[in-house]
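Peer 1: Here it is: the structure, laid out below.
The values are calculated or read from the model by the stated rules, or taken from the named source; none is laboratory data. Note that this is a predicted model, so its numbers are computed, not measured. Because the Cβ atoms are built from the backbone with ideal geometry, glycine has one as well, and the counts that use them run over all protein chains shown.
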């Protein structure tokens, strides 16, 4: 049924990705891909993020034949080093010290498999994020919140971690984990149109940051939620 939007199987249990899709108005269900995120060979950051998204999509597509599967993988990268989910508070603090006062890249790869037609589409979105100069006291206070522990790069731009961010260039929702502009394009390549009401998360970025809360890649230890 070309042009219609069937229910999506999201190959992720990340609360951030689930929330972005929920706000988009798309019907979906979330499934853990259950893969080993260690690649069979050393990969640079871009190849790694693409491999991980494809592996997640493929794993779920094999368990859900005929489904429209969407998978994503997000990595924080600085100078060729991938900053994954910190293993403990000490490593979270070390990550933030390394990112302090620097600009790093956040890459999210999205992979779509339409099991009805056999079509596949994939792409990568990039956002440059500049972190403020962080004092030891600020880092310690943020790590104590516990927010860093399940986030790539040890910060959550959609939470208290936005206070650590000086500026971003590129889609905001890419940093959170699901760039809707890229997903819309990839679904279009599979013959599926997304309603115009879907949010463009790249808008109003500075307002979001100001708002009060409500290898070969060197893979930093501690992988993240899928």
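Peer 1: Inspect region 9-27 for any residue being touching a helix residue (DSSP H, G or I) at 6+ places or on another chain (Cβ under 8 Å), closer than 15 Å to residue 179 by Cβ and not in a helix (DSSP H, G or I) and give the result as yes or no.
Peer 2: So far as region 9-27 goes, yes, one or more of its residues are touching a helix residue (DSSP H, G or I) at 6+ places or on another chain (Cβ under 8 Å), closer than 15 Å to residue 179 by Cβ and not in a helix (DSSP H, G or I).
Peer 1: Another one. Going by the conditions given, is residue 170 surrounded by fewer than 20 Cβ atoms within 10 Å (Cβ to Cβ), out of contact with any helix residue (DSSP H, G or I) (no Cβ under 8 Å at 6 or more places or on another chain) and either over 29 Å from residue 54 (Cα atoms) or modelled with pLDDT under 95 (or both)?
Peer 2: No; evaluated as a whole, the condition is false for this residue.
Peer 1: Please go through region 152-165 and give me each residue that is within 12 Å of the chain's Cα centre (by Cα) and closer than 14 Å to residue 90 by Cα, ordered by number.
Peer 2: If the condition is that a residue be within 12 Å of the chain's Cα centre (by Cα) and closer than 14 Å to residue 90 by Cα, then 153 is the only one that fits.
Peer 1: Do we have residue 36 as surrounded by fewer than 17 Cβ atoms within 10 Å (Cβ to Cβ), within 15 Å of the chain's Cα centre (by Cα) and not in a helix (DSSP H, G or I) here?
Peer 2: It is false that residue 36 is surrounded by fewer than 17 Cβ atoms within 10 Å (Cβ to Cβ), within 15 Å of the chain's Cα centre (by Cα) and not in a helix (DSSP H, G or I).
Peer 1: Looking at (1) out of contact with any strand residue (DSSP E or B) (no Cβ under 9 Å at 6 or more places or on another chain); (2) outside any loop (DSSP other than H, G, I, E, B); (3) surrounded by fewer than 22 Cβ atoms within 10 Å (Cβ to Cβ), which is the only condition residue 65 fails?
Peer 2: It fails just one condition, (2).
Peer 1: Residue check: is residue 203 exposed (fewer than 14 other Cβ atoms within 10 Å of the Cβ) and at pLDDT 95 or above?
Peer 2: Considered against the rule, which asks whether it is exposed (fewer than 14 other Cβ atoms within 10 Å of the Cβ) and at pLDDT 95 or above, residue 203 comes out as no.
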